[in-house]
Amino acid sequence: MKDLTRLGTPNGLLAIIGGSGLYDLPGLSDTAWVRVDTPWGEPSDEIFTGTLATAVGPAKLAFLPRHGRGHRLPPSALNYRANIAALKALGATDVLSLSAVGGLRADLPPGSFVVVDQFIDRTVGRESSFFGTGLVAHVSMARPVCARLGDHVQAALAGLGVPHQRGGIYLAMEGPQFSTLAESQLYRSWNCDVIGMTNMPEAKLAREAELCYATVAMVTDFDCWHPAHDDVTVEAIVAVLSSNADAARALVARGAAAIAHDPHGPACACRRSLDHALITAPDARDPDMVQRLRAVAGRVL
């Protein structure tokens, strides 16, 4: 990994994972694209960094285009471990994930935002942990997102007047195809609220890296279950994404100020999630594995 000067302020660095246009914010200065190499390979793209001027002081931000600029990478091909490790290397302490999703409830129409608090992981074949043979760890995922970040996001959405729901279950599917009608109806019977393709294993890896993590799910369609709406199409999704873009940027700008200057951030329990997670005895740990894991778990190694 490159020897990088950590970019965060004493309160940390807020990282945004999402679409390419999120970093087009008024008041963003000292901008640069930064390349970060990790022990798990290259992230989706270079990371766009900058300082946002806010009413309560500057906020350091880092933006990672999840699918690469131009949306080059499908969900199953994303290097989730490299993405999270790269943000950690830059000094990120908080991660805000902005994701397009399908709505599984009639009262969550396109244009709604959901501050997710739970996941059901139906992905397959993705590398979902930094740990493994030679150094085993088990982190708790009972509450997979940071409630403190969720509070800030909810307050920002309310202040902007954006239709939103606090709390909801995100069904993570493999993709890249959309659901069958039978699958969509099954997930509704499980009381899922939204469906997407990218937030797992992203949330799991953020927890292992001791990062505060929150998901803002932006509903673009009704999946395929709703009898009064057409089946999902890329054209329809892109149209709603465009209308959501301004709200997403406004959310980042408003939320960044509160998150960057939150006095409770340094004491957040998310940042100590590995305190009781390592199970391999110190004298049985693979030295190469230990060295590799210092990139994300150096605090406990």
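Quick note: the coordinates plus some simple rules give every number you see, no bench work behind them. As the structure is a prediction and not an experimental result, all values here were calculated from the model. Counting neighbours? That spans all protein chains shown, and the Cβs are built from the backbone with ideal geometry, glycine included.
A simple count of charges around VAL114, restricted to other residues whose Cβ falls under 14 Å of its Cβ and scoring Lys, Arg +1 and Asp, Glu -1, yields -3. Note on ARG292, ARG272, ARG66, ARG285: ascending count of other Cβ atoms within 10 Å places them as ARG272, ARG285, ARG292, ARG66, the fewest first.
At an R0 of 22 angstrom, the distance between the Cβ atoms of VAL34 and HIS261 translates into a FRET efficiency of 0.40.
For the residues THR215, THR280, THR51, a GNM of the chain with alpha-carbon springs under 10 Å puts the largest fluctuation on THR280. Listing CYS192, CYS268 from fewest to most neighbouring C-beta atoms within 10 Å gives CYS268, CYS192. With a Förster radius of 25 Å applied to the beta-carbon distance between VAL56 and ASP246, the computed FRET efficiency rounds to 0.65. Long hydrophobic helices in the chain: the complete DSSP H runs spanning 27 Å or more by Cα along their own axis with mean Kyte-Doolittle hydropathy of at least -1.0 are 234-260.
Here, the stretch 131-223 yields an orientationally averaged convex hull projection of 7.6 nm² when only Cα atoms define the hull.
Computed over the Cα atoms of the chain, the ratio of the radius of gyration to the Kirkwood radius (Rg/Rh) comes to 0.96. Can you tell which of ILE17, ILE279, ILE169 shows the greatest fluctuation in a Gaussian network model of the chain with Cα springs below 10 Å? Judging by the Gaussian network model, the answer is ILE279. If R0 is 30 Å, the Cβ-Cβ spacing of ARG72 and ARG122 corresponds to a FRET efficiency of close to 0.80. Counting only DSSP beta bridges whose two residues both lie in the chain, roughly 40 percent are antiparallel.
Sorted ascending by nearby beta carbons within 10 Å, beginning with the fewest, MET197, MET141 become MET141, MET197. Site pair GLU174 and VAL290 shows an inter-label distance of 3.7 nm when each label is modelled 7 Å from Cα along Cα→Cβ.
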